[in-house]
Amino acid sequence: MQIFKKSVLLLVAVGSLLGACKKDEENVAPTDDNEAITTATLRLTSTTNPADTVSATIENLNTQANFSRATLNLKANTTYSAVIQLWDKTQTPALDATAEIREKANEHLFVYTPASGLNLRVNLTDQDTNPAPGPYPIGLSATMTTGAASSGDLNVVLRHQPGAKNGTAQPGTSDLDTRFPVVIK
Amino acid sequence: MTDSLGRYHLTELCAGVYTVEYRYIGYNSTVLRVRIPNEAVRSVILTTNDINLATVEVTEHRSEAQQLLQTQTELSGAALDQTRGQSLGESLKAVTGMYSVQTGPSISKPVIHGLYSNRILILNNGVRQEDQQWGNEHAPEIDQFVASRLTVIKGAASIRYGSDAIGGVILVEPRAMPTRPGIGGEVNLVGATNGRMGVASGILEGAFSKKLTGLSWRVQGTLKRSGYVKTPHYYLENTSYRERNFSADLHYDHRNWGAEVFFSRFDTRIGLFTGAQVGSLSDLYAAISRPEPLSQPGFSYALNRPYQQVSHDLLKGRAYLRSDRWGTLTLTVARQQNNREEYDYVAFSGSLNPELYLKLVTQTADLVWEHRTRTNRKGGAFSGSMGFNGLTQGNVRRYLFLIPNYRNYAGGLFAIERYTHNRWTVEGGIRYDYRWLRAYFLNEATNKTYFTTHHWRNANGSLGASYELRDNLTLTANLSTAWRASNVADLYSNGLHQSAVAYERGNPALRPEQAYNGNLALAYTGKRFSAELGIYNNLINNYIYLKPDSVPVIRQRGAFPSYTYNQVRATFRGIDATLTYNLTERLSLTSKTSLLYAYDHTNGGFLVYIPPNRTDNSLRYTWNRLGGLSNVYASVSGLYVARQKRAPAVTRREENGVVIFTGDFAPPPPAYLLLGAEAGFSCRVAGQPLSVIVTGSNLANVAYRDYLNRFRYYADDLGRNISLKLKMPLNRAE
């Protein structure tokens, strides 16, 4: 039994040396998303009257989205130049995701789709630097032209298309998919 | 040679059928066919010139697992060699009744009788493998080359091995340590055309002599690399993977005691098919509706996001003491550390961090006493064991939340006793378990940590009997209960499971699963025909599964189907049949068929992800010698997998502009038939034996999808693959 005792003691010693529990689990790390988009802002400026600006913002996109300031109130039969801005406010200071998207413009595409009853036309005005058959639009800036008075949602989707961008929405995956309510008067 | 009492022992026999001839001068010799493992005690009476009757007792020494009456199947020797190069989960599919849940070509989780994940216990080198096995895309982190024998115990087998094993147990056992002084080893090389995979695995081992007799060592390592795999018509982008594994073992065996230290590291990086990466439900439906993936690049070994980086370290110490009077006492302590990092696509941030990081550290201690086999006056023999299993583990997460940090304690006591008399063996076992779980959370508003605690206790039992109807026909019946405490993922999941396109919510009110399992097995070994037929019924109360909710969750990337963990009463029943018929001395036909029926009694419907029925039939021709080659064989096979007709109906509707679905994302794929062929031989190269196997799978290059492959929504399964396996044992005696 002497040898057995010795070997048990040895094993227990080895086991406790390597298995000393430090209770790491009691220090809980906060939830951290590499790529949260919390905030999306659409800013429209009338091309005929630069003093006429309209802005709408959706907050808390990564949890329960807040649409209380998300409605765009536009004038009928007007052309606006539009820019979109995305923020990650889970970080301090808030991270400007738009700037990072501009840097990787060759693999991103914003797709704006007005609801069927909404008299709104969207044309993307910026272009990436993809080689032929590119370049393709990006959609960080656009012109939006309203028609007769109407209302409905403007669906905004950001497509991530690494190595596959071809000017259409099909390739890749969605990084953002949300809706701005639009009222044209 | 028998001793003076006519007794003798045959130890360390490989499984199979042996012809034993009993001879004694002046007596008529008797020839018996003995099937191992299945015989316990065999009394042979030799007839003489009417003088006397001598009794010969054949007692073979079998591993403890093999003595259990549970239905079990083993993969070793040549059968295991044929699967070299595959992952553990894939290679186990060679066993009737086994299937696998796959996430592409490199992630394969074993399924026993329709049950998987935490419902299967894997004993890696005698230690309960603890990784993040709750995840469908988390395969067991074990190097298949470590094993020289894989044993699958089918059905609830938790009495001996611990709670949770309501589906079964997989034993991964390395080969026996060398005893002859000198240095030896083995080299395995595998190459495959599909994925242009290459594997190199080597073993170097030795034993000492003289003063160090009893001391032996082994080092083992495996390198594996594969690029994009190819379906019949296109490559799957980013399905590359690589593995780097290493293990070392040091043994000391004295006459009646011994000790061992074992270390192993498994390290893998697995690329996930980019075509299966979807941002949201609308991406998923777009991907499903495409007949082929949009992006179809050429071959590459590139491995980019999304991928998993996983390592698993195991350090084990074991000591045993054996005495003729008391039996064997074995103590095993082990520490495991599983590090899992999952990297998703990053769209714009260029972040190098993973999205998910989980570190699980587990300590286990097992003390088992196997008492000496006692024989009573009637010639019956008692054998059995009792013991304690203890476990503690701590889990730490970072980045996104999917499961919380937790601490887990588990303790179990068991006893199993077996009685063998003539043609009968009966076995009974009891077990008591206690489990404690504390999960830690952070209130991000107040930055304070809080926790919730669960504890469970449960007693289970098993009863089995085996009867030899004839020398070559054995009937075994087994009834057992088992339980599984709801794990931390069942209870507290809360997060977007990007790779599964699902928002999963745990349910802290879940109760433990309780299984009632019955097995009936008939084994026949004849001269030309042998068969194993198994029937099982597993009733599980509080069976936990992910139930789709009717309202999807909306996040920045769009809509996600949401699921909550739910409980039902479920039945899994089925038949496993393995038949072998020797048409001629050289030509044999083997048929393996698994039928499974699963039902959800609570909702009166079918369960999702249940393996379809399948049958694998092969014809094999062998030559003893062919030119300078030995062990020559060639075989052809056909694997037929039926369509899973018993699956929840797939429905989808639109509500407020979002798609709501029930059942599944897509109906089960059609049935398929895969043709395979194999040839192998042994020869001598530079004085060392070399064995060569060439295997072709999906030879007709059929485009098919498998119901249990999670990538079936997006792409076809693997096309034709030809692999070459070389094995060379090395021996140099001192």
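Restrict the check to segment B:717-731 and report whether at least one residue is modelled with pLDDT of 95 or more, under 23 Å from B:Ala276 (Cα atoms) and of a type in the set (A, V, I, L, M).
yes
Pick from A:Asn27, A:Asn106: which is under 30 Å from B:Asn443 (Cβ atoms) and in contact with a Ser or Thr (Cβ under 8 Å, 6 or more places away or on another chain)?
A:Asn27
Checking the condition more than 11 Å from every other protein chain (Cβ to nearest Cβ), in contact (Cβ under 8 Å) with a residue 60 or more places away in the chain and touching a strand residue (DSSP E or B) at 6+ places or on another chain (Cβ under 7 Å), which residue from B:Ser311, B:Ser280, B:Ser300 passes?
B:Ser311 is the lone residue from the list that is more than 11 Å from every other protein chain (Cβ to nearest Cβ), in contact (Cβ under 8 Å) with a residue 60 or more places away in the chain and touching a strand residue (DSSP E or B) at 6+ places or on another chain (Cβ under 7 Å).
Confirm whether A:Ala65 is within 23 Å of A:Gly152 (Cβ to Cβ) and at pLDDT below 95.
yes
What's the total number of residues in segment B:397-437 that are closer than 30 Å to B:Ser462 by Cα and surrounded by fewer than 20 Cβ atoms within 10 Å (Cβ to Cβ)?
Result for segment B:397-437: 16.
Please identify the pairs in which a residue from segment B:326-347 that is more than 10 Å from every other protein chain (Cβ to nearest Cβ) and within 26 Å of B:Gln132 (Cβ to Cβ) has its Cβ atom under 6 Å from the Cβ atom of a residue that is of a type in the set (A, V, I, L, M, F, W, C) and in a strand (DSSP E or B), counting only partners at least 6 apart or on another chain.
So the pair list comes out as B:Asn338/B:Leu360; B:Arg340/B:Val310; B:Arg340/B:Leu358; B:Glu342/B:Leu356.
Going through B:Ser323, B:Ser351 one at a time, which residue ends up being out of contact with any Cys (no Cβ under 8 Å at 6 or more places or on another chain), within 8 Å of chain A (Cβ to nearest Cβ) and hydroxyl-bearing (Ser, Thr, Tyr)?
On the way: B:Ser323 fails: within 8 Å of chain A (Cβ to nearest Cβ).
Residue meeting the stated conditions: B:Ser351.
Picking from B:Asn245, B:Asn238, which residue would you name as being in contact (Cβ under 8 Å) with a residue 60 or more places away in the chain and more than 30 Å from B:Ala502 (Cβ to Cβ)?
Matching residue, one of B:Asn245, B:Asn238: B:Asn245.
Filter segment B:540-558 for residues that are surrounded by 18 or more Cβ atoms within 10 Å (Cβ to Cβ) and at pLDDT 90 or above; which is farthest from A:Glu59 (Cα to Cα)?
Among them, the one singled out is B:Ile540.
Among the residues that make up segment B:142-150, is at least one of them over 30 Å from B:Asn389 (Cα atoms), crowded, with 24+ Cβ neighbours inside 10 Å and not hydroxyl-bearing (Ser, Thr, Tyr)?
no
Of all residues being away from chain A (no Cβ under 13 Å) and buried (at least 20 other Cβ atoms within 10 Å of the Cβ) in segment B:242-263, which is farthest from B:Phe145 (Cα to Cα)? Just the residue, please.
B:Asp249
Is there a residue in segment B:725-732 that is surrounded by 15 or more Cβ atoms within 10 Å (Cβ to Cβ), farther than 30 Å from B:Ile183 by Cβ and not β-branched (Val, Ile, Thr)?
no
Tell me which residues, restricted to segment A:30-69, are β-branched (Val, Ile, Thr), in contact (Cβ under 8 Å) with a residue 12 or more places away in the chain and facing chain B (nearest Cβ under 9 Å).
A:Ile37, A:Thr38
Does B:Phe266 count as within 14 Å of chain A (Cβ to nearest Cβ), touching a residue at least 60 places away in the same chain (Cβ under 8 Å) and surrounded by 22 or more Cβ atoms within 10 Å (Cβ to Cβ)?
Criteria not met by B:Phe266.
Can you pull out the residues in segment B:522-573 that are charged (D, E, K, R), closer than 24 Å to B:Ser282 by Cα and not in a loop (DSSP other than H, G, I, E, B)?
Filtering segment B:522-573 for residues charged (D, E, K, R) gives B:527-528, B:532, B:547, B:549, B:555, B:557, B:569, B:573.
When the remaining residues are screened for being closer than 24 Å to B:Ser282 by Cα, the result is B:547, B:549, B:555, B:557.
B:Lys547, B:Arg555, listed by residue number.
Checking B:Thr151 against (1) touching a helix residue (DSSP H, G or I) at 6+ places or on another chain (Cβ under 9 Å); (2) modelled with pLDDT under 95; (3) outside any strand (DSSP E or B), which single condition isn't satisfied?
In the conditions (1) touching a helix residue (DSSP H, G or I) at 6+ places or on another chain (Cβ under 9 Å); (2) modelled with pLDDT under 95; (3) outside any strand (DSSP E or B), B:Thr151 misses (3) alone.
Quick one: is B:Gly663 under 30 Å from B:Leu189 (Cβ atoms) and small (Gly, Ala, Ser)?
For B:Gly663, the condition - under 30 Å from B:Leu189 (Cβ atoms) and small (Gly, Ala, Ser) - is not met.
Please return the ranges of strands (runs of 3 or more DSSP E) entirely within segment A:98-185 where 1 or more residues are small (Gly, Ala, Ser), surrounded by fewer than 22 Cβ atoms within 10 Å (Cβ to Cβ) and touching a Pro at 6+ places or on another chain (Cβ under 6 Å). Outline the logic, then answer.
Working: elements: A:108-114, A:120-124, A:141-146, A:150-160, A:173-184.
By residue number, no strands (runs of 3 or more DSSP E) qualify.
For every residue, the table says whether it meets (1) surrounded by fewer than 18 Cβ atoms within 10 Å (Cβ to Cβ); (2) touching a Lys or Arg at 6+ places or on another chain (Cβ under 7 Å); (3) touching a residue at least 24 places away in the same chain (Cβ under 8 Å).
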position	(1), (2), (3)
B:Phe560	no, no, yes
B:Thr584	yes, no, no
B:Gly604	yes, no, no
B:Tyr609	no, no, yes
B:Asn613	no, no, yes
B:Tyr621	yes, yes, yes
B:Val636	yes, no, yes
B:Val641	no, yes, yes
B:Glu654	yes, no, no
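Only one of (1) modelled with pLDDT under 95; (2) in contact with a helix residue (DSSP H, G or I) (Cβ under 8 Å, 6 or more places away or on another chain) fails for A:Glu103. Which number is that?
Result: A:Glu103 passes all but (2).
Just wondering, is there one or more residues in segment B:243-250 that are in contact with a Leu (Cβ under 9 Å, 6 or more places away or on another chain), closer than 30 Å to B:Gly327 by Cα, at pLDDT below 95 and not charged (D, E, K, R)?
So far as segment B:243-250 goes, no, none of its residues is in contact with a Leu (Cβ under 9 Å, 6 or more places away or on another chain), closer than 30 Å to B:Gly327 by Cα, at pLDDT below 95 and not charged (D, E, K, R).
Out of all the residues in segment B:212-231, is one or more in a strand (DSSP E or B), more than 14 Å from chain A (Cβ to nearest Cβ), of a type in the set (Ser, Thr, Tyr) and more than 29 Å from B:Thr332 (Cβ to Cβ)?
Yes, segment B:212-231 contains at least one residue that is in a strand (DSSP E or B), more than 14 Å from chain A (Cβ to nearest Cβ), of a type in the set (Ser, Thr, Tyr) and more than 29 Å from B:Thr332 (Cβ to Cβ).
Being surrounded by fewer than 22 Cβ atoms within 10 Å (Cβ to Cβ) and either closer than 26 Å to B:Tyr434 by Cα or polar (S, T, N, Q) (or both), is that true of even one residue in segment B:155-177?
No: zero hits.
Look through B:Arg646, B:Arg712, B:Arg684, B:Arg705 and report the one residue that is over 30 Å from B:His601 (Cα atoms) and among the basic types (Lys, Arg).
Result of the check over B:Arg646, B:Arg712, B:Arg684, B:Arg705: B:Arg684.
Looking only at segment B:172-207, which residues are among the basic types (Lys, Arg) and either closer than 24 Å to B:Gln129 by Cβ or in contact with a Gly (Cβ under 8 Å, 6 or more places away or on another chain) (or both)?
B:Arg175, B:Arg196
What are the residues in segment B:500-516 that are assigned to a loop (DSSP other than H, G, I, E, B) and small (Gly, Ala, Ser), if any?
Answer for segment B:500-516, where residues must be assigned to a loop (DSSP other than H, G, I, E, B) and small (Gly, Ala, Ser): B:Gly506, B:Ala509.
I'd like the residue in segment B:359-374 that is among the hydrophobic types (A, V, I, L, M, F, W, C) and within 11 Å of chain A (Cβ to nearest Cβ) and, out of all such residues, is surrounded by the fewest Cβ atoms within 10 Å (Cβ to Cβ).
Among residues in segment B:359-374 that are among the hydrophobic types (A, V, I, L, M, F, W, C) and within 11 Å of chain A (Cβ to nearest Cβ), the one surrounded by the fewest Cβ atoms within 10 Å (Cβ to Cβ) is B:Leu367.
Name the residue that is nearest to B:Trp436 (Cα to Cα), counting only residues in segment B:374-394 that are over 30 Å from the mean Cα position of the chain (by Cα) and touching a residue at least 60 places away in the same chain (Cβ under 8 Å).
B:Ala381
The values are calculated or read from the model by the stated rules, or taken from the named source; none is laboratory data. Computed from a predicted structure; not experimentally measured. With ideal geometry, Cβ positions are generated from the backbone for all residues, glycine too; neighbour counts draw on all protein chains shown.
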